[in-house]
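Colleague: This is the structure, below, for whatever I ask next.
Each value in this text was obtained by applying a stated rule to the coordinates, not by laboratory testing. Computed from a prediction, not measured in an experiment: that's the story for all the values here. Cβ: placed from backbone, ideal geometry, glycine included. Neighbour counts: every protein chain shown.
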Amino acid sequence: MNMRRFAIYGKGGIGKSTTTSNLSAALADMGLRVMQIGCDPKADSTQLLMHGQKIPTVLDKIKQKGSAITLEDVAFRGYGDVVCVESGGPTPGIGCAGRGIITAFNTLEELDAYSCFSPDIVLYDVLGDVVCGGFAMPIRDGYADEVMIVTSGEKMALFAARNIILAIENFAKRGYAKLAGIIENSRNIEDEDSIVRSFSNEADTQILSVIPRSGTVQRAEDMNMTVIEAFPDSAQAKCYRDLASIVAGKI
Amino acid sequence: MAKLSIYIPPFSPDYSGVASTFFDLNAIAVLHDASGCTGNYTGYDEPRWYGSHSPIYCSGLREIDAIMGNDQKLIDKVIAAQRDIKADMIAIIGSPVPMVVGCDAKGIAAEIENATGVPSFGFDTTGTAYYDKGIGMASAELIRKFTISAPQIPGSVNLLGANAIDFPSGQIDSIRALLEENGIHVNASFPYGITLSALRTLSSASLNIIMSASGIEAARILQKRFGTPYLIGLPYGKNGASSFINRTRNALNGKYEDIISTGNDTARILVMGEAVASLAIAEALRMDYGYSKVATASLFSRYRELDGKEIIYVEDEAGAKKLLSNDWDIIIADPLYKRLAPNSKSRFISYPSYAVSSKLHLDMIPDLTGSNFNEFFNKERSKS
């Protein structure tokens, strides 16, 4: 089976990590080998898969161990044997987070991470908007094949989604990742489905899934788990499983 | 501050290695920088630069272009240059500033290739790796793009890692001549003297000879793609050269003998420089002078192909100082290192490395091919 890689972008706080972790868990339940790489200096992408355990980041380990870094230092098995990695980032207020992602990605290549784990699916959970070259790294040559954008119907979320689509279009000349579609993470604003649908039509893409707003997500997070693990029979879990089926169908 | 260098200058970096690899090809090589790195390459890292016609371009990166990610400006300039120059290929070579801001050199090259139809390469060189890595990455990309499966020429060799930084003054021609005199046909030397047609038929050689560590990456890819075996070494010293020729002949007949590492324990002589050259000098000292234990040290990058050869990797100036302070009878190293051991009682034989001291000692860089090594060593050893 060929490895397929997806980058998941969206405005900060829109629910990318929650969606990505639930997607990883649902894909793992389907028997697929999954790797989730958090690309956010906050390094909290994989927390739900790791039951609240904060794992050391690639950049922290580079800082500590330099070239003696190993794959075991930075890759950990979470729920469903999902391989969890956090790229990490600099101390808030200093350093360069974008360059950090590039360095973390280069280190994973040097450590031969993809060959060692041979995942069927890699999910890059990327901070916010495409803010600079570093944050575009997951959609560059050799990384994600497709991009999924998490958005609600709120203006700022759609604005960020628009910027991400512009970056993808800009990179089309370079033959990079294509836009797979939009994941609507509902915020229960008025007329939300219709707003996101018309945005999607304008952007000439599709809505892959509509995830309803649900207290189940919050309850699962309070348990440091994904919905897939905590409430596997819930309607919310079914939404994530449906999205997983669509993603798995792309392999 | 662990890597602080007070006496030793920065070595030739990866971007210079890439640029040097394109030197003999009809290429537009663009260093994406604010002109300082281009100056390093032309002024200090490329011994053939002055008096040559091989162009290198500087993108003239400015602060606002770096901040705004104005790749289009560079792309437009290169496309315009290509209209006039009609090069066979284009290389976009990264430098520290664009790499820090996450410039996508490969992506820029892809756009240029789409627009011009000319094979284009992007290199994420940062200036923090050494020239050998740059030569390795450029060689590998050139082979991937151009080298085809060509009929093999029995008894022929390629000289890989034959580059102008490690061999700035005619050594490659001497080695080539020595091999030819001994009936071994040299298919190509790469990157020094390479042409596009020779690049295409690198696969014709029956054996690759790795003359410096910078040739390891090319040897890897030629072995992987065409199954060509490789041999590591240089024909230094009268007997050392005979041994090298024998090893080459044997390898051409399918019998591979690795270069012998003489071991560091109880060694009284230290050879410090480029890894393969250090090993070859140690071999010459053993074969021609009977020194059975010679310590070899490399100043540059590590390669798994050299594992097990007891090479000491000198990571920084402090490490070099510590190593040089040992009680050696003879130290063979770039003259700049003499300053790190001012009180040493060891005999210091100056063996300049262009990647270390550049033009400063260019006229002292010896051609050690065959018995030249013996002349060099005898003369240096007899100095009071």
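Colleague: Over 28 Å between C-alpha atoms is what I'm after, so list which of A:LYS16/B:LYS73; A:LYS11/B:LYS145; A:LYS11/A:LYS250; B:LYS133/B:LYS224; A:LYS42/B:LYS77 land there.
Modeller: Over 28 Å apart, Cα to Cα: A:LYS16/B:LYS73; A:LYS11/B:LYS145; A:LYS42/B:LYS77.
Colleague: Suppose R0 equals 30 Å; then what is the FRET efficiency for A:LYS65 and B:ALA318 from their Cβ-Cβ distance, rounded to the nearest 0.05?
Modeller: The computed FRET efficiency comes out at 0.95.
Colleague: What relative contact order, as a whole-number percentage, does region A:4-248 give when Cα pairs under 8 Å and 6 or more residues apart are counted?
Modeller: So the answer I get is 26 percent.
Colleague: Specify the inter-centroid distance of region A:177-251 and region B:37-72, based on alpha-carbon positions, in whole Å.
Modeller: When both Cα centres are located, 48 Å separates them.
Colleague: With an 8 Å Cα cut-off and a minimum separation of 6 or more residues, compute the relative contact order for region B:14-129 in percent.
Modeller: 32
Colleague: Moving on. So what is the relative contact order for region B:113-199, in percent, with contacts set as C-alpha pairs under 8 Å and at least six apart?
Modeller: 30
Colleague: At a Cα cut-off below 25 Å, give the lysines reachable from B:LYS238, other chains included and same-chain residues fewer than 8 away excluded.
Modeller: Partners within reach: B:LYS255, B:LYS293, B:LYS309, B:LYS379, B:LYS383.
Colleague: Put a dot 7 Å past each Cα toward the Cβ at A:ASP233 and B:SER242; how far apart are the dots in nm?
Modeller: Calculated label separation equals 8.7 nm.
Colleague: In degrees, nearest 10, range 0 to 90: what is the angle between the Cα axis of helix B:275-289 and the longest Cα principal axis of chain B?
Modeller: Around 20 degrees separate the two axes.
Colleague: What shape does region B:269-382 take by its C-alpha gyration tensor, where a ≥ b ≥ c are the square roots of the eigenvalues and a/c under 1.5 counts as rounded, a/b above b/c as prolate, and the rest as oblate?
Modeller: The shape class here is rounded.
Colleague: Restricting to Cα atoms and excluding each atom paired with itself, what does the Kirkwood estimate give for chain A in Å?
Modeller: 18.0
Colleague: Give, rounded to the nearest 20 debye, the magnitude of the charge dipole that region B:269-382 has about its Cα centre when Lys and Arg contribute +1 at Cβ and Asp and Glu contribute -1 at Cβ.
Modeller: Here the size comes out at about 320 debye.
Colleague: Follow-up question, since we're still on this one. Report the charge-dipole magnitude of the protein assembly as shown in Debye, nearest 20, computed about the Cα centre from +1 at each Lys and Arg Cβ and -1 at each Asp and Glu Cβ.
Modeller: Value, rounded to 20: 1120 debye.
Colleague: Right, here's the next one. Going by how many other beta carbons lie within 10 Å of each one, how would you line up B:LEU179, A:LEU127, A:LEU49, fewest first?
Modeller: Starting with the residue having the fewest Cβ neighbours, the order is B:LEU179, A:LEU127, A:LEU49.
Colleague: On full extension of the chain, what length is gained from B:SER382 through B:SER35, given 0.36 nm per residue of separation minus the C-alpha to C-alpha distance?
Modeller: Answer, rounded to one decimal: 120.4 nm.
Colleague: Considering only C-alpha atoms, what is the centroid distance from region A:52-100 to region B:238-302, in Å?
Modeller: That distance is 41 Å.
Colleague: Which of B:ASP327, B:ASP265, B:ASP14 moves the most in a Gaussian network model of chain B with Cα springs under 10 Å?
Modeller: Highest fluctuation among the options: B:ASP265.
Colleague: Would you mind computing, in nm to one decimal, how far apart the modelled labels at A:ALA172 and B:TYR7 are, each placed 7 Å from Cα along Cα→Cβ?
Modeller: 6.1
Colleague: Averaged over every viewing direction, what's the projected area of the C-alpha convex hull for region B:85-124? Give it in nm², one decimal, please.
Modeller: Spelled out: convex hull of the Cα atoms, projected over all directions, averaged, 2.7 nm².
Colleague: Hey, another quick one. Springs between alpha-carbon pairs under 10 angstrom, Gaussian network model over chain B: which of B:SER350, B:SER242, B:SER52 fluctuates most?
Modeller: Greatest mean-square fluctuation among the candidates belongs to B:SER52.
Colleague: Would you mind ranking A:VAL227, B:VAL271 so that the residue whose beta carbon has the fewest other beta carbons within 10 Å leads the list?
Modeller: B:VAL271, A:VAL227
Colleague: How do B:LEU336, B:LEU207 rank when sorted from fewest to most other Cβ atoms within 10 Å of their own Cβ?
Modeller: Going from sparsest to densest Cβ surroundings: B:LEU336, B:LEU207.
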